[in-house]
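Enquirer: This is the structure I want to talk about, given as structure tokens.
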Amino acid sequence: MGKEIKPCRQVDATLTLPGSKSYTHRALMAAALAAGESVLTNALAAEDTELTARALAQLGAGIDWQGTTIRVVGRGGRWRPVPLPIYLGNSGTSMRFLTALVALGEGEYLLTGTPRLCQRPLGELLDALRQVEIQAVSEQGDGCPPVRVTGGLAGGRASLSGAISSQYLSALLFIGPLTPAGMEIEVTGELVSRPYVDLTLEVLGDFGVSYYREGYRYFQLPGGQCYLPQAYEIEADASSASYFWAAAALTAGRVTITNLSLESSQGDAAFPKVLARMGCAIESTPAGLTVQGGPLQGVAVNMATMPDLVPTLAVLAAFARGDTIITGVAHLRHKESDRLHAVAAELQKLGIEARETEDGLVIRGGAPHGAVIHTYHDHRIAMSFAVAGLKAPGMSITDPDCVDKSFPDFWEFFDRLSR
């Protein structure tokens, strides 16, 4: 069943959005690694975060999830053995982080997921774990899940290129402080998605962990530390906010997100600055972060620090005057879908010139018409192309429930825009 999108002349909305998926994952991990009870508020209840919580419960953490509040009784990083496979659905974040976290446990752990998750690369993380004397193998031998990890991590030194995913580094940052000997991590290449590493380090600091870093090249995590239980409030999800800011941009309307500011550590919170370059006005006040739309102009922008928002930007580019050139996001081919291919294909259905490049997209703005959008089971394709339907009549989104992965209430919020 498809979701028909109703055009809207001019959006005007003030929204308080659910919590950040990135923060919810990381706060769950840190709370489960602490010894004692933490309380997480404004947590995001979505498929991916619930998979993380379920896996941590399998490992022995106490998880009591009521609405947007989670009480977590952590185990101090001492996991219990898990004889059954740990199933992580299509959550790449859960798979990458937990592959490292189980190295703190005892015995053997098998982690698996959907067929798509089992196509997503993990080899560099497995190699880094082997460098610190952990048995970590891909069952198929292709560097992808399912993976089998034998616990007993003591610490040591590992290196990563950082070119495919910053989550490999984040995963190691979580476990290093709990090892007896500590860990040193060297990043040998150009690290993608750097703001997500800053976000990880912020959560570590908030839960009482100390570390030393030299930019994004070298990280030292002294061993024998403890995560300290916390009362922890999670801010709004900037990735989710992007669709509503884009709606303002596209309809020359106005949208305020009350629980987010430009000072957020989330890389995606900088998206309004890209919209400002395209012709929008932005305002950050105690009332929230506001985007006021205007006539859109194409831009050239490196999206390496906010890759998840490439589909959102691409949809706006279809309506902008001139060309938009997006670079720095070759790793989008390894997401829930090959996002560069998916975005280009769906824009072409709208009558828009769009082509893939080695590390991005080139889009020529025009007058998009409606179409039936194939989502590739990818939540970000569904949500970004829904925005196009506010301006182009006749837009329909197939598989609308795929948004449950990160934002189950998306359609409820989105439908408010055209009331």
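Enquirer: Run through the DSSP bridge list for the chain and note the antiparallel percent, rounded to the nearest 5.
Expert: 70 percent
Enquirer: Once you place label points 7 Å from the Cα toward the Cβ at Glu4 and Glu186, how far apart are they in nm?
Expert: For the pair Glu4/Glu186, the computed spacing is 6.1 nm.
Enquirer: Dipole of the chain, Cα-centred, from +1 at each Lys and Arg C-beta and -1 at each Asp and Glu C-beta, to the nearest 20 debye?
Expert: So the magnitude is around 480 debye.
Enquirer: With springs only between Cα atoms under 10 Å, which of Thr24, Thr312, Thr251 fluctuates most in a Gaussian network model of the chain?
Expert: In this elastic network of the chain, the residue with the biggest mean-square fluctuation among Thr24, Thr312, Thr251 is Thr251.
Enquirer: Rounded, prolate or oblate: which fits the chain when a ≥ b ≥ c are the square roots of the eigenvalues of the alpha-carbon gyration tensor, with rounded for a/c under 1.5 and prolate only if a/b beats b/c?
Expert: Prolate shape, in that a/c is at least 1.5 and a/b is the bigger ratio.
Enquirer: Picking from Leu221, Pro177, Val387, whose Cα lies most toward the positive end of the charge dipole for the chain (charges on Cβ: Lys, Arg +1; Asp, Glu -1)?
Expert: Val387
Enquirer: Counting helices only, and only those DSSP H runs with n ≥ 4, report the 222 nm mean residue ellipticity of the chain as the sum of -39,500 (n - 2.57) divided by its residues, in deg cm²/dmol to the nearest 500.
Expert: The helix-only estimate for the chain comes to -9000 deg cm²/dmol at 222 nm.
Enquirer: Which shape class, rounded, prolate or oblate, goes with the stretch 21-217 when its Cα gyration tensor gives a ≥ b ≥ c as root eigenvalues, a/c under 1.5 marks rounded, and past that a/b bigger than b/c marks prolate?
Expert: The shape class here is rounded.
Enquirer: Could I ask something else about it? Using the Karplus curve 6.51 cos²θ - 1.76 cosθ + 1.60 with θ = phi - 60°, what ³J(HN,Hα) values do you get for each residue of the stretch 328-335, in whole Hz, with x for Gly and Pro?
Expert: Karplus-based 3J(HN,Hα) across the stretch 328-335 equals x, 10, 4, 6, 5, 5, 10, 8 Hz.
Enquirer: Lys/Arg Cβ at +1, Asp/Glu Cβ at -1, dipole of the stretch 261-419 taken about the Cα centre: which of Ser284, Val329, Leu296 is farthest positive-ward?
Expert: Of the options given, the answer is Leu296.
Enquirer: Still on this structure, I have one more. Find how many whole Å separate the alpha carbon centroid of the stretch 194-209 from the alpha carbon centroid of the stretch 31-47.
Expert: Computed from Cα coordinates, the inter-centre distance equals 15 Å.
Enquirer: Treating only the Cβ atoms of Lys and Arg (+1) and Asp and Glu (-1) as charged, compute the dipole magnitude of the stretch 21-217 about its Cα centre; round to the nearest 20 debye.
Expert: 180 debye
Enquirer: Just to be sure I understand: with springs between alpha-carbon atoms less than 10 Å apart, which residue in Thr52, Thr324, Thr14 has the highest mean-square fluctuation in the Gaussian network model of the chain?
Expert: Result for the chain, Cα springs under 10 Å: Thr14 fluctuates most.
Enquirer: May I pose another question? Please list, in order along the stretch 283-296, the HN-Hα scalar couplings obtained from phi with the Karplus expression 6.51 cos²θ - 1.76 cosθ + 1.60 (θ = phi - 60°), rounded to whole Hz, x for Gly and Pro.
Expert: 8, 10, 10, x, 6, x, 10, 10, 10, 10, x, x, x, 9
Enquirer: Below 8 Å between Cα atoms, with a sequence gap of 6+, how large is the relative contact order for the stretch 21-217 in percent? Don't jump to the answer; show the numbers that get you there.
Expert: Values: 415 pairs, mean separation 33.7, N = 197.
17 percent.
Enquirer: Here's something else I'd like to know. Ranked from highest to lowest mean number of other Cβ atoms within 10 Å per residue, what is the order of the peptides 134-140, 16-22, 70-76?
Expert: 16-22, 70-76, 134-140
Enquirer: Using a/c under 1.5 as the rounded threshold, could you call the stretch 6-127 rounded, prolate or oblate? The axes a ≥ b ≥ c are square roots of the C-alpha gyration tensor eigenvalues, and prolate needs a/b larger than b/c, oblate otherwise.
Expert: On the way: a/c = 2.64, a/b = 1.44, b/c = 1.83.
Oblate, since a/c reaches 1.5 and b/c is not below a/b.
Enquirer: Another question, if that's okay. Evaluate E = 1/(1 + (r/R0)^6) for Lys349 and Gln131, where r is the Cβ-Cβ distance and R0 equals 41 Å; express this FRET efficiency to the nearest 0.05. Mind dumping the intermediate values first?
Expert: Numbers: r = 46 Å, r/R0 = 1.11.
That pair, Lys349 with Gln131, gives E of 0.35.
Enquirer: Rank the residues Lys335, Lys349, Lys3 as a footprinting-exposure proxy: fewest other Cβ atoms within 10 Å of their Cβ go first.
Expert: Lys349, Lys3, Lys335
Enquirer: Under a GNM of the chain (C-alpha, springs under 10 Å), which listed residue has the highest mean-square fluctuation: Arg339, Arg157, Arg26?
Expert: Arg157
Read-outs: derived from the displayed coordinates by stated rules, not from any lab. Computed from a prediction, not measured in an experiment: that's the story for all the values here. Cβ coordinates were reconstructed from backbone atoms using ideal geometry, including for glycine residues, and neighbour counts include every protein chain displayed.
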